[in-house]
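J.: Dumping the structure here so I can ask a few things about it.
The values are calculated or read from the model by the stated rules, or taken from the named source; none is laboratory data. What you are looking at is a predicted structure, and each value in this text was computed from that prediction instead of being measured. For neighbour counting, all protein chains shown are included, and Cβ atoms are generated from backbone atoms with ideal geometry for every residue, glycine included. Areas reflect the complete protein model, heavy atoms only, side chains present, ligands, DNA and RNA absent. Shrake-Rupley method; radii C 1.70, N 1.55, O 1.52, S 1.80 Å.
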Amino acid sequence: MKTVLILGSTGSIGKSTLEVLDLHKENFKCIGLSANKNFQALHEQANKYSVKNICIQDGSTSETDIEKNSDIKIYRGSDGQSEMIRDMDADIVVVGIAGAIGLEATHEAIKTGKRVLIANKEPLVMCGEFLLNEAKKYQSEIIPLDSEHSAIFQCLQGSSKDDVNKIILCCSGGPFWDKKIESFEKITVQDALNHPIWKMGEKISIDSSTLMNKSLEIIEASVLFGVDANKIDVVIHPQHIVHSMVEFKDGSILSNLSAPDMKASISYGLGFPKRLESGIERLSFSDLSLNFFEPDHKKFPTLDYAKKALSLGGNLPLILNSFNEVAVDLFLQEKINYLDIFQLISHAFDAKDSLDINIKFDTVDEILHLEALSKKQAKVYAERYTF
Ligand code: MG
């Protein structure tokens with residue numbers, strides 16, 4: 001029996017993980033859940049799946065009557081989450097948190113020296129080298145859950161990195177990839193949240209609409225697979241049946257296909273190297289029509305930001321990520337327009353002169369410190385756009 005801890009359990013990754021685990025009760029047991037704010041949903045999950053340890057991130061939630069009469073142990077805040085990760089010492093930790101806020105938990109999970117399934121791409125973007133070094137030090141096994149990176153991970157099994165010619169990251173394109181740039185001015189928060197394929201949290205939905213999500217994924221892929229950014233291409237594939245591809249030096253291409261359902265990569269990560277039933281819909285090839293398009297870099301300058309950040313090196317990816325988080329947050333609060341998101345993120349490259357891009361990280365605190373400085377800078381630039 002393998003024990004599993006799910007961080008971000010009320011989000012889409014967390015819910016899908018619980019559904020997969022439910023198919024494998026004889027081999028997996030979920031022993032802990034954590035969520036950001038939604039205490040009621042978290043508590044309901046704990047009851048439904050008989051989980052005895054939960055953590056609510058929002059420290060302001062006070063003890064409720066449900067809690068007093070329950071045998072469920074409740075941890076609070078980010079220190080509580082770290083404590084829960086250490087106490088549980090689960091065989092597998094699933095990190096389904098969104099944003100830079102997941103860094104501490106990802107690091108704590110790596111320190112357990114067990115298998116860590118990472119859907120939370122921002123920490124890998126911010127300080128991938130640091131996290132991979134820590135994983136080596138603590139002998140923790142990192143397996144990506146992001147559908148594209150899970151696909152690449154699967155395609156690379158049994159191959160040497162030296163034989164890789166190119167990684168082709170598939171991109172569903174979000175809701176606006178085929179819209180005219182003139183229409184971007186009028187895009188509302190609701191339009192941007194409306195992803196045609198995936199039902200996800202707000203942050204990643206906005207990132208998908210600006211293609212910043214793909215930009216972050218270029219950095220994520222470069223970090224995880226040790227492949228230079230100029231060997232990573234992006235192709236728009238609206239059906240998102242092909243999750244990504246690897247082209248080898250002999251011209252052969254391996255790809256990973258399935259119905260677009262996160263349960264595919266989650267079950268792969270849980271069972272690796274074995275395959276588990278995932279419960280996803282099966283593909284019928286005669287009903288499929290797959291299309292691929294070149295992305296429009298003029299409409300989505302975000303796509304070039306990853307390669308620019310990687311080529312400038314140092315902590316530019318962290319700064320880029322911070323600027324994006326500030327921009328997305330302001331857009332969600334309706335304080336800036338949709339097009340301002342692109343403008344504001346581009347200032348990450350101006351901010352590098354006032355921030356230390358060459359500092360080598362030894363601790364999470366150092367990373368969080370630079371992140372805080374970087375977000376502060378982003379907010380200064382944001383004053384040009386807010387209304
Ligand atoms: Mg993805």
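J.: Using +1 at the Cβ of each Lys and Arg and -1 at the Cβ of each Asp and Glu in the chain, identify which of T106, A351, P317 lies farthest towards the dipole's positive end.
T.: Checking the options against the dipole of the chain, the answer is T106.
J.: With the dipole of the chain worked out from charges on the C-beta (+1 for Lys and Arg, -1 for Asp and Glu) around the Cα centre, which of C171, A327, S209 lies farthest toward the positive end?
T.: C171
J.: Further question: Based on Cβ point charges of +1 for Lys and Arg and -1 for Asp and Glu, what charge dipole magnitude is obtained for segment 2-144 about its Cα centre, in debye rounded to the nearest 20?
T.: So the magnitude is around 300 debye.
J.: When ligands, DNA and RNA are left out and all protein chains stay put, how many square angstrom of accessible area per residue does the chain have with a 1.4 Å probe?
T.: Dividing the accessible area of the chain by its residue count gives 44 Å².
J.: Another question about this same structure. Connecting C-alpha atoms closer than 10 Å in a GNM of the chain, tell me which of G226, G128, G173 has the biggest fluctuation.
T.: G226
J.: Would you kindly state how much longer the chain becomes between D233 and A259 on full extension, computed as 0.36 nm times their sequence separation minus their alpha carbon distance, in nm to one decimal?
T.: Additional length available on full extension: 7.1 nm.
J.: Measure off, as a whole percent, the carbon and sulfur share of the 1.4 Å-probe accessible area of the chain, all protein chains present.
T.: 47 percent
J.: Accessible area, 1.4 Å probe, largest first: how do D287, D207 sort?
T.: Ranking D287, D207 by accessible area, largest first, yields D287, D207.
J.: Related question: With r defined as the distance between the Cβ atoms of H297 and K48 and R0 fixed at 35 Å, what FRET efficiency is calculated, to the nearest 0.05?
T.: 0.15
J.: Taking square-rooted eigenvalues a ≥ b ≥ c of the alpha carbon gyration tensor, is segment 262-326 rounded, prolate or oblate, where a/c under 1.5 means rounded and, failing that, a/b exceeding b/c means prolate?
T.: In terms of gyration-tensor shape, oblate.
J.: Now for a separate question. For segment 167-326, what relative contact order do you get, as a whole percent, if you take Cα pairs closer than 8 Å and at least 6 residues apart?
T.: Relative contact order here is 28 percent.
J.: Here's something else I'd like to know. Where does the charge balance sit around S311 when Lys and Arg score +1, Asp and Glu -1, over other residues with C-beta under 15 Å from its C-beta?
T.: Summing Lys and Arg as +1 and Asp and Glu as -1 gives +2.
J.: Right, something else. So how exposed is I13, as accessible area in Å² (1.4 Å probe, rounded to 10)?
T.: We get 20 Å² for I13.
J.: Also, quick follow-up: Which of the pairs K15/K37; K121/K375; K29/K121 have their Cα atoms more than 20 Å apart in this structure?
T.: With Cα atoms farther than 20 Å apart: K29/K121.
J.: Could I ask something else about it? Can you give the accessible area of E19, probe radius 1.4 Å, in Å² rounded to 10?
T.: Solvent-accessible area, nearest 10 Å²: 90 Å².
J.: Now for a separate question. Using the crude model of +1 on Lys and Arg Cβ and -1 on Asp and Glu Cβ, and no other charge, please compute the dipole size for the chain relative to its Cα centre, in debye to 20.
T.: Computed charge dipole of the chain: roughly 380 debye.
J.: How much length would be gained if the chain were fully extended between S286 and N165, taking 0.36 nm per residue of separation minus their Cα-Cα distance, in nm to one decimal?
T.: Stretched out fully, the S286 to N165 stretch lengthens by 40.5 nm.
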